[in-house]
1. Just need log10 I(q)/I(0) for the chain at q = 0.19, 0.20, 0.21, 0.23 Å⁻¹, Debye formula, equal scatterers on the alpha-carbon atoms, no solvent, rounded to two decimals.
2. Have a look at LEU70, ILE57, GLN32 and report the one farthest towards the positive end of the charge dipole of the chain, computed about the Cα centre with Cβ charges (Lys/Arg +1, Asp/Glu -1).
3. So what does GLU68 come to for accessible area, using a 1.4 Å probe and Å² rounded to 10?
4. Would any residue of the stretch 30-58 have its amide N under 18 Å from a label point 7 Å out along Cα→Cβ of ASP78? List them or say none.
5. Quick check: residue separation of ILE11 and ASP25 times 0.36 nm, minus the Cα distance between them. What number comes out in nm?
Amino acid sequence: MNDMRQGVTQIQHTVLDLLESVRNDGHGHDTQLFLGEKLANHARVNVGLRFKRDHAIQAAARLIDVAEQLDVMISAGDA
């Protein structure tokens, strides 16, 4: 594997890798926002640090994906 990411932490790698799968799961921007919010909320209210980390990673990937979806829509003049 030839990974071009330099200066990226292991957690950031994990978010970027997960981003590839959430990008292809077919959810629209409203659903991605909802899921990102729900995952972030699960991370916030739970006490287990591993659970918090795992849900924060999933939320981050979904929110990055939705930001990209919205940027494409804005660039296309849908704003």
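The values are calculated or read from the model by the stated rules, or taken from the named source; none is laboratory data. Everything quoted here is computed from the prediction, not taken from an experiment. Backbone-built Cβ (ideal geometry, glycine too); neighbour counts: all protein chains shown. Ligands, DNA and RNA are excluded from the accessible area calculation, which covers all protein heavy atoms including side chains. Shrake-Rupley method; radii C 1.70, N 1.55, O 1.52, S 1.80 Å.
1. These q points yield log10 I(q)/I(0) values of -0.85, -0.91, -0.96, -1.05.
2. Going by the charge dipole, the pick is ILE57.
3. We get 80 Å² for GLU68.
4. 30-36
5. Computed gain between ILE11 and ASP25 is 2.9 nm.
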